[in-house]
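Peer 1: Please see the structure below; I have some questions.
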Amino acid sequence: MSATHTTKSSRQTRTGGVLPHFAEPRFAAIWVALAAMLLVDAIFLPHSVELSTILAVLPFAAFLAIGAAGQTLVLMTRGIDLSVPSIVSLSSVVLLGVSGAQDGRLWLAMAAALFLAMLVGTINGVLIAVLKLNALIVTLAVGSIVMGIAIAYSQSVTAISSVPPSLAAFSSSRILGIPVDALFALVLMVVATLALRKTVIGRRFELVGTNPAAAHTIGVPVRRYQAGAYILAGLLYGLMAILLAGFIQNPTLQIGDPYLLAPIAAAVLGGTALTGGIGSMISVSGAAMFLIQLEQSIKMLGLPSAGQMIIEGVAIALGMYLSERSGTRRRK
Amino acid sequence: MPDAVLELKDVSKNYPGVRALDHVDFDCRAGEVHAILGENGSGKSTLMKIASGVVIPDTGTIKIDGKSVSQNSASEVAGLGLATVYQDDSLVLEMSVAQNLFLALPRGALPYGEMRQSAVEKLSTLEVDISPDAIVGDLTPAQRQFVEIVKAVQTDPKVLLLDEPTATLDNDGVRKLTALVRNLTGRGTGIVYVSHRLPEILDLADRITILRDGVERGTFPVTPDLSEHDLISLMVGRDIDSEYGAKPDRVSDFRVLQVMGLSGEDFHDISFAARVGEIVGIAGAEGNGQREMMRAIVGLEDATGTVECQGRTVDTSSPRAALKGGVLFLSSDRKGEAIFPELSVQKNMVPSLLGTFARGGFLSLGAERRKAEAMKRDFGVVASTLDTPVVGLSGGNQQKSVLARSFRSGAKAILIDEPTQGVDAGARFEIYKAIRENIAQDGTCVVNSSDAQELAGICDRVLVLSRGRIVRELEGDELTEENIVSSFLSVRGGRRADSRSESVGIAALARTLINGSAIWWVPLLFLVGLIFVVGFYAAQSSPVFLKSINIRFTLLALAPAALVAMAQLNVLLVGGIDVSVGALMSLIVVTASFMIAQGAPSAMLVLGAILCLCVGALVGLCNGFVVRFGGINAVITTIATLSIVQGFALIGRPTPGGLISTNFTELLKSHFGFLPVSSLLLIVFAVSGDIWLHRSRTGLEIKATGFREEAARRNGVQVTFVHLRAYLMSGLMAALAGLFLGAQVSVGHPTVGQNFALSSIAAAVLGGASLAGGRGSFTGALLGAMFFTLMINVISLVGLSSSVGVIAGGVMTLLAIFLYSGLAEFEHLVKRLFRPSPATVASQQE
């Protein structure tokens, strides 16, 4: 074997495989950023890094992480999902309506909320993966329809304004001092990571995301995997809606509003490649913590909370730009 | 003797590791056809590219019409009088013949209105019988080739380069092309003609130059005693490399793969068998249906016919089904269809084996690693580690990785398209060896290659395709490089297959609808009808609907909706999208509540309005710059902008507040009778926009950019400028829409515009805009917005809750994009569903 075949391969060696995937540069960057922010906060805003403050904002990081995990699945198939706020709103209003604030009906209400969330995901998935319609417009339009249904439904259940007490108690409880929502999110992330990296389905999903045409030629049912991403994402949004509704106890129709852009920002900052296939749930959770801590710092500085949106926008653009650049460099 | 119109002297070109051209001299005289003959890789395309200024030679001089070429740029060469006929990517398929011809002319050379007349003249002078109004995409490949030629000669070039002009032509097309070439030489144009087809060349050319391995092997005048055989041996001339392994004797006649009566758009009635341990080669000049035929066997192209593997019928509806039947295809488009570039070597090798690594639901990493290491060793993949991304490997090692995957997939018949494209010499022979070893037991391999030497060296049998049919089968001693080349060079007959399948039932109706939407005003008729139906229903069910106050109210609400739809149309036309328009409208409303505040002096009204428009222009330009220069897709860019712009709006007014000057709002809401001034403005905008778009060169350039950016660029359109202008216009018009929205709400409401992003896209799409770019009209966007506004009005009039309006908006959007872009896919699915079973197909084959 002549040495000419090796070309650049020796220089291209990555750390992946020897170290866990989240130690790869594109996934590690967010941890560095998170550490840097915590450090800056510790110096200039010591109050924001006190344990009590951290524990208080952790549930919000957990909600965002779950939502961002769904968005990441979709982005990994080269799609995008703008129906998140509507699915969250519908799920929580259905949770209210079906449960009627009674503990006895909680399981039924949760099943209904999750079913509807997955149903919307299925509609998205079929329209996008099977009929090949534009993901942006489909999810925006489906989101509009779902929001309309949520509004209509909420008008019929105006008498009920709070979730069943047991859900409220669960969602705001702590185990070993850690908010249960955060633990729940942690478990979800571990499951998602295992599923993506250690199962046949997860690995085929990675193939579909990286190169759908190549996956198709080697016999992977590409459409099913692409549609599946939207369905699973729906399930995650539903779970998030239930936890979130339980945590704030009196959810309104606006409950989903912050989750249009923030999950995209978290996914992009967590190293997810819009060119598909590449994503890390662990790093996306890190990005969710980063964004929530940032929001907290902005609040404590007394800056307008809308500043968060500007930062998210800049983060999306900058994150994309950097990821595109590293992507094209590697492709050359 | 006439003067040389093209003269290349002592031209050399080196690519890393390859001497593409070695001191080549070439000239073409006025009024002659000078053919260049050579195999794939002989350097003829490099020579053509150097002549047309696309490639810069290492040494040598080029003269066109006696004048030296100094800079070697495509535009300089074109200016000196050289025109090139490209094979593809130079015509905008969605536009008419006349429009394509017009677009290729320099700006200002011809008034827009004379486009059609001029096209008629040009086509008739050259005796080309094609309607100037025909859409290029509907033409046959032959007709497209003629349009390319007419386009190239409309500037009266001194010399014309024709690269494989007959590759896609049938007999009749070749005859017409011959006539056209004679017509041109009669006018004194010099023609450089590159082709594989010897009979055509002998028929047309005055002189022939033969290239082999970058070296000129002689120039011969065409005389009756010039022998075809001599030309072929000059062209081939290489000894078969002895490094190709010995071909083993066949052990069994068992047919692993059998293809019977396979027909598709580019190939016809293909039947052959491949036996155990056999490598069957597919040969032919590029573009004669070889690749399409290979792809059809695994369902990557539509075809009818039967495929059997190991005696069982294979379902050829998809690669997945074909793999179940034991047939696997490996694409020549390595980056596009074979490798997973960013994934590791290991992940590229093991996909089809993943199931075997599962232990209790989870993959055993140890088992996977061991298998991957074995594969790496067996196929001689050189990579520093198994975790190296496959894209970082050399072409040869990438190919070995995917070969390993293919031969370990369990498939018995492996179809390989160009097994050694982009692979260095050392690795090639290892690949041949690997193929041979891996089919020895019970497999077979079909190889399509453009390299005749390779086919002669490795195949047991070679099938030669020409114009979609098998014209020759070579085996044993007959199987030589020379015989392969001469069999596709000397072929004359063979009609090109043309079996475009008819669509069925609903799908046929759907196709008509899709075709209808290609004409920009068809969706308008549909929309006007829809508006009347809804209006009629509303007039019936609500006495208020036709009251002038209601009409005025609706028309006032129309202004922002229609303006933002037109804003969106600007970007949709160039194939972009702008999700930030709604947030921008909110920001403008907020800005207006500060700058055009209640009680401000009237000078401030003008200044404030100008400032608002500047904000819009700035946001639009930012979008454009990031999309074009940052290389980020439009969706993500404008989502980021949406977030930023919305953030600023919320900082300005965290909650609704701040009155906008009543003088200003009253001005924008002023009306004649029940008709608001804004409605007149909208009509002016829509009509002038459509005149600009559909009746000017600028509009044509916009559409060309949207349809096919590469073709537009080749025709000299400044595509980056066109894109930037589209985003700028979008920002400006959305800002104007924001001012009208501000006039309606009259307070600084920070999120008032948020629903307009979706409705603007929906309105434009309903009005005929295509998300793929190129299609749409401003009137359509106006009518689409009118329909939306009307729906909302009617819903509130008949007492339905506002949620119905929100739902209706979403449903209409889905319907609109389904009608205009989902139907084709739907038709395909329906066709797949009702696909006749192989048995019925067989019986239909007479």
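The values are calculated or read from the model by the stated rules, or taken from the named source; none is laboratory data. Because the structure is a prediction, the values reported are computed rather than measured. Neighbour counts are summed over all protein chains in view; Cβ atoms, including those assigned to glycine, are modelled from backbone coordinates with ideal geometry.
Peer 1: B:PRO57 passes all but one of (1) surrounded by fewer than 19 Cβ atoms within 10 Å (Cβ to Cβ); (2) not in a strand (DSSP E or B); which number fails?
Peer 2: (1)
Peer 1: Considering each of B:ILE577, B:ILE610 in turn, give the residue that is over 24 Å from A:ILE311 (Cα atoms), hydrophobic (A, V, I, L, M, F, W, C) and assigned by TED's automatic domain parsing to the domain that holds B:ILE549.
Peer 2: Details: B:ILE577 fails: over 24 Å from A:ILE311 (Cα atoms).
Every option except B:ILE610 fails the conditions.
Peer 1: Residues to consider are A:LEU82, A:LEU127; find the one that is assigned to a loop (DSSP other than H, G, I, E, B), out of contact with any His (no Cβ under 6 Å at 6 or more places or on another chain), at pLDDT 90 or above and within 12 Å of another protein chain (Cβ to nearest Cβ). First the steps, then the outcome.
Peer 2: Working: A:LEU127 fails: assigned to a loop (DSSP other than H, G, I, E, B).
Result: A:LEU82 is the single residue among A:LEU82, A:LEU127 that is assigned to a loop (DSSP other than H, G, I, E, B), out of contact with any His (no Cβ under 6 Å at 6 or more places or on another chain), at pLDDT 90 or above and within 12 Å of another protein chain (Cβ to nearest Cβ).
Peer 1: For residues in the stretch B:682-695 being of a type outside the set (Gly, Ala, Ser) and under 14 Å from B:MET786 (Cβ atoms), which is nearest to the chain's Cα centre (by Cα)? Let's see the steps before the verdict.
Peer 2: If we filter the stretch B:682-695 for residues that are of a type outside the set (Gly, Ala, Ser), which is where we start, we get B:682-685, B:687, B:690-695.
Going one step further and asking which of them are under 14 Å from B:MET786 (Cβ atoms), we end up with B:682-683, B:685.
Details: B:LEU682: 35, B:ILE683: 35, B:PHE685: 32 Å.
Across the stretch B:682-695, the extreme among qualifying residues is B:PHE685.
Peer 1: Restricting to the stretch A:204-259, name every residue that is among the β-branched types (Val, Ile, Thr) and within 13 Å of another protein chain (Cβ to nearest Cβ).
Peer 2: Correct list: A:VAL208, A:THR210, A:THR217, A:ILE218, A:VAL220, A:VAL222.
Peer 1: With B:SER12, B:SER52, B:SER45 as the choices, which residue is more than 28 Å from the chain's Cα centre (by Cα) and either modelled with pLDDT of 80 or more or closer than 27 Å to B:GLY284 by Cα (or both)?
Peer 2: Working: B:SER52 fails: more than 28 Å from the chain's Cα centre (by Cα); B:SER45 fails: more than 28 Å from the chain's Cα centre (by Cα).
Exactly one residue qualifies, and that residue is B:SER12.
Peer 1: Among the residues of the stretch B:413-472, count how many are assigned to a strand (DSSP E or B) and of a type outside the set (Gly, Ala, Ser).
Peer 2: Looking only at the stretch B:413-472, we keep the residues that are assigned to a strand (DSSP E or B), and these are B:413-417, B:444-448, B:461-466, B:469-472.
With of a type outside the set (Gly, Ala, Ser) added as a condition, the list becomes B:414-417, B:444-448, B:461-465, B:469-472.
Of the residues in the stretch B:413-472, 18 are assigned to a strand (DSSP E or B) and of a type outside the set (Gly, Ala, Ser).
Peer 1: Could you tell me which residue of the stretch B:264-302 is surrounded by the fewest Cβ atoms within 10 Å (Cβ to Cβ), considering only residues that are more than 14 Å from B:LEU465 (Cα to Cα) and touching a Cys at 6+ places or on another chain (Cβ under 8 Å)?
Peer 2: Across the stretch B:264-302, the extreme among qualifying residues is B:ILE279.
Peer 1: Would you please name the residue that is farthest from the chain's Cα centre (by Cα), looking only at residues in the stretch B:316-364 that are facing chain A (nearest Cβ under 7 Å) and part of a loop (DSSP other than H, G, I, E, B)?
Peer 2: B:GLY361
Peer 1: Give the stretch B:377-406 a look and list any residue that's hydrophobic (A, V, I, L, M, F, W, C) and more than 32 Å from the chain's Cα centre (by Cα), or say none. Quick ask: steps written out before the conclusion?
Peer 2: If we filter the stretch B:377-406 for residues that are hydrophobic (A, V, I, L, M, F, W, C), which is where we start, we get B:379, B:381-383, B:386, B:390-391, B:393, B:402-404.
Correct list: B:PHE379, B:VAL381, B:VAL382, B:ALA383, B:LEU386.
Peer 1: Return the only residue of B:VAL192, B:VAL181 being closer than 22 Å to B:SER75 by Cα and under 30 Å from the mean Cα position of the chain (by Cα).
Peer 2: On the way: B:VAL181 fails: closer than 22 Å to B:SER75 by Cα.
None of the other options fit; the residue is B:VAL192.
Peer 1: While we're here: Is there a residue being under 37 Å from the mean Cα position of the chain (by Cα), assigned to a loop (DSSP other than H, G, I, E, B), within 14 Å of chain A (Cβ to nearest Cβ) and over 27 Å from A:SER305 (Cα atoms) anywhere in the stretch B:615-625?
Peer 2: Pass one, the stretch B:615-625, residues under 37 Å from the mean Cα position of the chain (by Cα): B:615-625.
If we keep only those that are assigned to a loop (DSSP other than H, G, I, E, B) too, we end up with none.
No, the conditions are met nowhere in the stretch B:615-625.
Peer 1: Out of the residues in the stretch A:147-198 that are within 14 Å of another protein chain (Cβ to nearest Cβ) and outside any helix (DSSP H, G or I), which is farthest from B:PRO351 (Cα to Cα)?
Peer 2: Going through the qualifying residues, I end up with A:THR158.
Peer 1: Separate question: So, B:THR637, is that one in a helix (DSSP H, G or I), within 15 Å of B:GLY738 (Cβ to Cβ), touching a residue at least 12 places away in the same chain (Cβ under 8 Å) and out of contact with any Lys or Arg (no Cβ under 7 Å at 6 or more places or on another chain) or not?
Peer 2: Values: in a helix (DSSP H, G or I): yes; within 15 Å of B:GLY738 (Cβ to Cβ): no; touching a residue at least 12 places away in the same chain (Cβ under 8 Å): yes; out of contact with any Lys or Arg (no Cβ under 7 Å at 6 or more places or on another chain): yes.
Judged against the criteria, B:THR637 is not a match.
Peer 1: Determine, yes or no, whether B:GLY716 is modelled with pLDDT of 95 or more, away from chain A (no Cβ under 14 Å) and out of contact with any Phe, Trp or Tyr (no Cβ under 9 Å at 6 or more places or on another chain). Can you show your working first?
Peer 2: Values: modelled with pLDDT of 95 or more: no; away from chain A (no Cβ under 14 Å): yes; out of contact with any Phe, Trp or Tyr (no Cβ under 9 Å at 6 or more places or on another chain): yes.
Taking the combined requirement at face value, the residue does not satisfy it.
Peer 1: Anything in the stretch B:207-231 that is within 22 Å of B:ALA20 (Cβ to Cβ) and not in a loop (DSSP other than H, G, I, E, B)? List them, or say none. Break it down into steps so the answer makes sense when it comes.
Peer 2: Restricting attention to the stretch B:207-231, the residues satisfying the condition of being within 22 Å of B:ALA20 (Cβ to Cβ) are B:208-219, B:231.
Correct list: B:ILE208, B:THR209, B:ILE210, B:LEU211, B:ARG212, B:VAL215, B:GLU216, B:ARG217, B:GLY218, B:THR219, B:LEU231.
Peer 1: Read through the list (1) within 25 Å of A:LEU140 (Cβ to Cβ); (2) touching a residue at least 12 places away in the same chain (Cβ under 8 Å); (3) of a type in the set (Gly, Ala, Ser), then give the number of the only condition that A:ALA306 fails.
Peer 2: Tallying (1) within 25 Å of A:LEU140 (Cβ to Cβ); (2) touching a residue at least 12 places away in the same chain (Cβ under 8 Å); (3) of a type in the set (Gly, Ala, Ser), A:ALA306 fails exactly one: (2).
Peer 1: From A:VAL57, A:VAL120, A:VAL84, which residue is among the hydrophobic types (A, V, I, L, M, F, W, C) and surrounded by fewer than 20 Cβ atoms within 10 Å (Cβ to Cβ)?
Peer 2: Working: A:VAL120 fails: surrounded by fewer than 20 Cβ atoms within 10 Å (Cβ to Cβ); A:VAL84 fails: surrounded by fewer than 20 Cβ atoms within 10 Å (Cβ to Cβ).
Just one listed residue meets the conditions, A:VAL57.
Peer 1: Could you give every pair whose Cβ atoms fall below 6 Å, whose first residue belongs to the stretch B:423-437 and is among the charged types (D, E, K, R), and whose second residue is buried (at least 21 other Cβ atoms within 10 Å of the Cβ), counting only separations of at least 6 or pairs across chains?
Peer 2: Pairs found: B:ASP424/B:GLY396; B:ARG428/B:THR420.
Peer 1: Return a yes/no flag: does the stretch B:154-170 have any residue that is part of a strand (DSSP E or B), modelled with pLDDT of 80 or more and over 19 Å from B:ASP65 (Cα atoms). So that I can check it myself, show each step before the final result.
Peer 2: Here is the first cut: in the stretch B:154-170, the ones part of a strand (DSSP E or B) are B:159-163.
Okay, now just the ones that are also modelled with pLDDT of 80 or more, so B:159-163.
Filter again for over 19 Å from B:ASP65 (Cα atoms), leaving B:163.
Taking every residue of the stretch B:154-170 in turn, at least one turns out to be part of a strand (DSSP E or B), modelled with pLDDT of 80 or more and over 19 Å from B:ASP65 (Cα atoms).
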